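Here is the structure we will look at.
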Amino acid sequence: MKPHIICHMLASVDGRIDGEALEAVTQEGEYEATAAQLGGDAWLCGRTTMEYFAEEDPFVSASNAPAGPQPVFVARRADAYAIAVDTRGKLRWAKGSLGDDHLICVLSEQAPADYLDLLRDKGVSYVVCGASSVDLTRAVDLLGEHFGIRTLLLEGGGHINGAFLQAGLVDELSLVLVPGIDGRREVPAVFDGVNPARACAVALKLRSVERRAKDALWLRYEVARA
């Protein structure tokens, strides 16, 4: 069963998400404080964002033999999960948790077979779905079915957010808008990489607006379904 998916992000008023650039205009801990109110039992990020938490050196396969179709591997069940979408198995993990959260990797069938061996050895759970790229729709169903995840916080970066949006998987947007302007063209936005042929914007319905510390606004929207 698909979890309820809330995209939770911190951004400048022009929608940019460079955390270091936003530090001067953001109340420390504001992002985490608002996330805690959303009731998520898992959070998910793409490979680039998850590099911050992984070992410095990426995984190098001895054979590059793709894993192919694989059953879901549940190292253990937990109250909270950290989920890394890592299509080709590049992130190297030292252990099966990030803080108190059990780690799950979501991979495509192109991830090396010996990468899965490493994950099992470290106690990292994994989901393999999609021949050449991750089938996100199937992946979130499997996360709900095998790990009991009911509310998933999608926390970037912009490309993984855009992929979830394009797949029609985002149910809510939770946006902490801080009083600053980035203005740089190359800086990632909250949602990036959506098919340029899309004819119209995704419609949203405002749920709430809350003024936060240092003049930030916490905006919550539901994705309007046709």
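Determine whether residue 21 is modelled with pLDDT of 95 or more and either assigned by TED's automatic domain parsing to the domain that holds residue 91 or among the aliphatic types (A, V, I, L, M) (or both).
no
For beta carbons closer than 6 Å, sequence separation of 6+ or different chains, a first residue in the stretch 18-32 that is within 15 Å of residue 52 (Cβ to Cβ) and a second that is assigned to a loop (DSSP other than H, G, I, E, B), the qualifying pairs are 18/187.
If only residues of the stretch 89-115 that are charged (D, E, K, R) and in contact with a Pro (Cβ under 8 Å, 6 or more places away or on another chain) are counted, the one that is surrounded by the fewest Cβ atoms within 10 Å (Cβ to Cβ) is 92. Being among the basic types (Lys, Arg) and within 19 Å of residue 87 (Cα to Cα) is a description that does not apply to residue 150.
May I ask you to verify whether residue 26 is buried (at least 18 other Cβ atoms within 10 Å of the Cβ), among the hydroxyl-bearing types (Ser, Thr, Tyr), assigned by TED's automatic domain parsing to the domain that holds residue 178 and touching a His at 6+ places or on another chain (Cβ under 8 Å)? Spelling it out, it is not the case that residue 26 is buried (at least 18 other Cβ atoms within 10 Å of the Cβ), among the hydroxyl-bearing types (Ser, Thr, Tyr), assigned by TED's automatic domain parsing to the domain that holds residue 178 and touching a His at 6+ places or on another chain (Cβ under 8 Å). Out of contact with any Pro (no Cβ under 7 Å at 6 or more places or on another chain) and more than 17 Å from residue 45 (Cα to Cα), is that true of residue 208? Yes; evaluated as a whole, the condition is true for this residue. With respect to being over 28 Å from residue 185 (Cα atoms) and either among the small types (Gly, Ala, Ser) or assigned by TED's automatic domain parsing to the domain that holds residue 123 (or both), residue 52 falls outside the description. Out of everything in the stretch 1-42 that is in a strand (DSSP E or B) and not aliphatic (A, V, I, L, M), what residue ends up being nearest to residue 187 (Cα to Cα)? Here the residue is 16. Among the residues making up the stretch 48-67, those that are within 24 Å of residue 161 (Cα to Cα) and polar (S, T, N, Q) are 48, 49. Of all the criteria given as (1) outside any helix (DSSP H, G or I); (2) under 17 Å from residue 90 (Cβ atoms); (3) in contact (Cβ under 8 Å) with a residue 24 or more places away in the chain, the one not satisfied by residue 48 is (1).
The values are calculated or read from the model by the stated rules, or taken from the named source; none is laboratory data. Please read all numbers here as calculations on a predicted model, not as lab measurements. Every residue, glycine as well, gets a Cβ built from its backbone with ideal geometry; the counts of neighbours run over all protein chains shown.
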